[in-house]
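Heads up: the structure comes next, in structure tokens.
No value in this document is a laboratory result; all are computed from the given coordinates. These numbers were taken from a predicted model, which means no experiment stands behind them. Neighbour counts are summed over all protein chains in view; Cβ atoms, including those assigned to glycine, are modelled from backbone coordinates with ideal geometry.
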Amino acid sequence: MLRVTGAGVRLCDGVTRRTLLRAGTISTLGLSLPQFFGARAAAAGSGSAPRDLNCIMLWLWGAPSHIDTWDMKPNQPDEIRGLWKPIRTSAPGIEVCEHLPRFAKHMHRITQVRTMFNDAPDHPEGAAIALSGFRFVPGKPDKEGPHLGSVLARYARPASPLPQYVVMGRELWDNGKRVPGQYGGFLGGAYGPFRIEDPRQGVEKLPSIRLPDGLTPERFGRRETMRRALDGFQRHVETTDTRSYDTSIKQALGLLTSPDAKRAFDLSLEPPVVRQRYGSTFFGQSCLAARRLVEAGVRYVQVNWSRHPGADGLEGWDVHGNFGGFLTDYPKKQFPNFDQSASALLDDLAARGLLDNTLVIIGTEFGRSPKINQWGGRDHWSNCYTVMFAGAGIEGGRVIGDSDAQGGYPATQAFHTRSMLMSVYQHMGLDTAKTLREAGLVDADPPIPGLFSNKG
């Protein structure tokens, strides 16, 4: 991001340089718009030939219980099988929880991988590995691995002048600390996310794409203001490796003043019936915003379910029973929200012809323990859990891998989250054999066999 110290210098129109720099700055740990376009220019010259695919990640922060949702064990004792019954879905032989009736109608579009594992049993490290493939090193932010979206922003072909890595929702936090693996890591700050904390605010209130108060597009366009603004941006930028920085600045300032560019972020342009279909919740409206953004040319959009695993009001998926919520919370809070919003997203993408070129990942940091604990919850469980995929050529109605009778361990081949990332990178056309390997982004982890085909 751009960080300005010292007293603010006033431009000819009476706007401080600090205020101007704040326009287009994403968040405290986010990026400026010029850096996005610098990243775009660098990616265009990377020599790779990515595919024209987009990706939406529905990040179910807090870790839903796979045993109580999509890998149910109805023949086990009560303390394992849980409180609810499975129902049939649109995919023969595949069942989900009875509280997910809308989602059940989409299983013919979805491939489940039921033998995922993550060697990190706590939320922060589990998320870091799941989203970046890297363990974090405390106290060494330069060793932090770049997020999946950052890798795509760096190496995928830009689809539009819009930022190519967008996050809906606040930063992921746990135990009072920011979760690592959400930003550009060692790729650099230019590849971090453009963040919209709550799309329900209305585009006129989104600080990331709003001009400072009192600064009109006409005033902003005056030659002297532009000259001084460009000068200020260039002097204070932290990332200096973009050769076409002046062009990047002009593109960024153009986004700040372009009504057409802002339309992608403006949910008020959607018919009320469409907004209602997604639901009025943050998650629902963020799913709708994700659809609008990939439609407008954003390569990667992540929808964060909540900021904390348990979240305010215990809307997160963390259900230990003695803290972080109970399993009995799911039918009242988590299930209805997810069932409506995720289903509306898949319906909408398919109806608009976007599902063919948009990979939808329903991900989380790990699963929950096979046995319900003494407080009526399930604890962290990284040995075996489910991640789901739809769109972008996925053949749905399938299950890859089988968990054991209690859902605690893989009964067939297990797949680390790094294999999932390898699969996604390859399917989106990134060069994992040379470019990403030489950049230190991938190693020897193989992709998940058959995920993007019916082979393997």
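Structure summary
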{"read-out": "Rounded FRET efficiency, nearest 0.05, which uses the C-beta distance separating Lys105 from Asn322 and R0 of 45 Å", "value": "0.80"}
{"read-out": "Environment charge at Arg437 (Cβ cut-off 9 Å; Lys +1, Arg +1, Asp -1, Glu -1)", "value": "-2"}
{"read-out": "Interchain or long-range residues, amide H under 5 Å from Val179's placed H", "value": "Leu172, Trp173, Asp174"}
{"read-out": "Cross-link table Lys143/Lys434; Lys105/Lys262; Lys143/Lys333; Lys332/Lys371; Lys73/Lys333, entries beyond 29 Å C-alpha to C-alpha", "value": "Lys105/Lys262; Lys143/Lys333"}
{"read-out": "Amide H contacts under 5 Å for Tyr409, placed H, 5+ residues apart", "value": "Asp404"}
{"read-out": "Built amide H within the under 5 Å cut-off of Cys55, gap 5+", "value": "Tyr300, Val301, Leu359"}
{"read-out": "Linear extension gain, Arg51 paired with Ala444, 0.36 nm per residue minus alpha-carbon span", "value": "139.2 nm"}
{"read-out": "Extension gain, Gln374 back to Gln406 (0.36 nm per residue minus Cα-Cα distance, nm)", "value": "9.8 nm"}
{"read-out": "Fully extended contour minus Cα-Cα distance, from Arg170 to Asp356, at 0.36 nm per residue", "value": "64.1 nm"}
{"read-out": "Distance (nanometres) between label positions extended 7 Å along Cα→Cβ at Asp119 and Glu98", "value": "4.1"}
{"read-out": "Length-normalised contact order for the stretch 298-456 - Cα pairs under 8 Å, 6+ apart - percent", "value": "16"}
{"read-out": "Ordering of 121-129, 401-409 by packing [mean C-beta count within 10 Å, highest first]", "value": "121-129, 401-409"}
